[in-house]
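Read the structure below first, then the notes.
The values are calculated or read from the model by the stated rules, or taken from the named source; none is laboratory data. Note that this is a predicted model, so its numbers are computed, not measured. Here the Cβ is made from the backbone with ideal geometry for all residues, glycine too, and neighbour counts use every protein chain on show.
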Amino acid sequence: MRSVAKKKSKSKSGAVGGALGRGLTAIWRFTAKILGNSVRFIARGARDLDPAHQRDGIAFLILILALVATAGTWFHADNIVGRAVYAFVYGGFGRIGFITPLVLIYFAFKLFRTPLEQQQCAKVAAGLVMQ
């Protein structure tokens with residue numbers, strides 16, 4: 001018997017979606033790398049970090065979450081996201097939720113500076129949440 005290999009046909013929307021996804025990923029990585037390099041330049045001690053050990057994307061995500069938490073808790077953003085963030089932070093942490101953005105910013109910059117200790121930061125964050 002003769003086997004016939006079928007070609008996978010891609011729709012145009014699938015190709016556009018894949019290209020859009022790759023473009024957004026490239027923008028995310030570029031922005032995170034620039035921000036991470038800036039933090040490591042200022043921190044002086046972390047400049048010689050091997051690029052294979054840099055975890056800038058996760059730190060950038062935590063920094064964005066800190067900015068969203070700041071808008072929701074400190075500035076009381078009057079939209080659905082701001083109210084949801086306010087309810088989540090103050091519902092979960094109570095009055096101490098006011099410092100949640102500061103804690104997130106601390107963990108983001110710690111990951112930018114010393115990403116090798118990412119597991120330790122995750123343990124500390126889990127411990128803070130459990131209290």
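If Val85 satisfies every condition in (1) of a type in the set (A, V, I, L, M, F, W, C); (2) farther than 26 Å from Gly36 by Cβ; (3) assigned to a helix (DSSP H, G or I) but one, which is the exception?
Failed condition: (2).
Among the residues of region 46-56, what is the count of those that are part of a helix (DSSP H, G or I) and modelled with pLDDT under 65?
3
State all residues of region 89-107 that are over 16 Å from Ile62 (Cα atoms) and surrounded by fewer than 17 Cβ atoms within 10 Å (Cβ to Cβ); if no residue qualifies, say none.
Across region 89-107, the qualifying residues are Tyr90, Gly91, Gly92, Gly94, Arg95, Ile96, Phe98.
For (1) hydrophobic (A, V, I, L, M, F, W, C); (2) at pLDDT below 85; (3) more than 27 Å from Leu24 (Cβ to Cβ), each residue gets a yes or a no:
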site: Arg44; (1), (2), (3): no, yes, yes
site: Ala59; (1), (2), (3): yes, yes, no
site: Leu63; (1), (2), (3): yes, no, no
site: Ile80; (1), (2), (3): yes, no, no
site: Tyr86; (1), (2), (3): no, no, yes
site: Lys110; (1), (2), (3): no, yes, no
site: Pro115; (1), (2), (3): no, yes, no
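Exactly one of (1) β-branched (Val, Ile, Thr); (2) at pLDDT below 85; (3) exposed (fewer than 11 other Cβ atoms within 10 Å of the Cβ) is unmet by Val39. Its number?
Of the numbered conditions (1) β-branched (Val, Ile, Thr); (2) at pLDDT below 85; (3) exposed (fewer than 11 other Cβ atoms within 10 Å of the Cβ), the odd one out for Val39 is (3).
When you look at Gly127, is it modelled with pLDDT under 85 and either more than 19 Å from Phe41 (Cα to Cα) or touching a helix residue (DSSP H, G or I) at 6+ places or on another chain (Cβ under 7 Å) (or both), yes or no?
Spelling it out, Gly127 is indeed modelled with pLDDT under 85 and either more than 19 Å from Phe41 (Cα to Cα) or touching a helix residue (DSSP H, G or I) at 6+ places or on another chain (Cβ under 7 Å) (or both).
In region 64-119, how many are under 24 Å from Arg40 (Cα atoms) and in contact with a His (Cβ under 9 Å, 6 or more places away or on another chain)?
Here the count works out to 2.
Please go through region 1-36 and pick out each residue that is among the β-branched types (Val, Ile, Thr), at pLDDT 60 or above and either in contact with a helix residue (DSSP H, G or I) (Cβ under 8 Å, 6 or more places away or on another chain) or not in a helix (DSSP H, G or I) (or both).
Correct list: Thr31 only.
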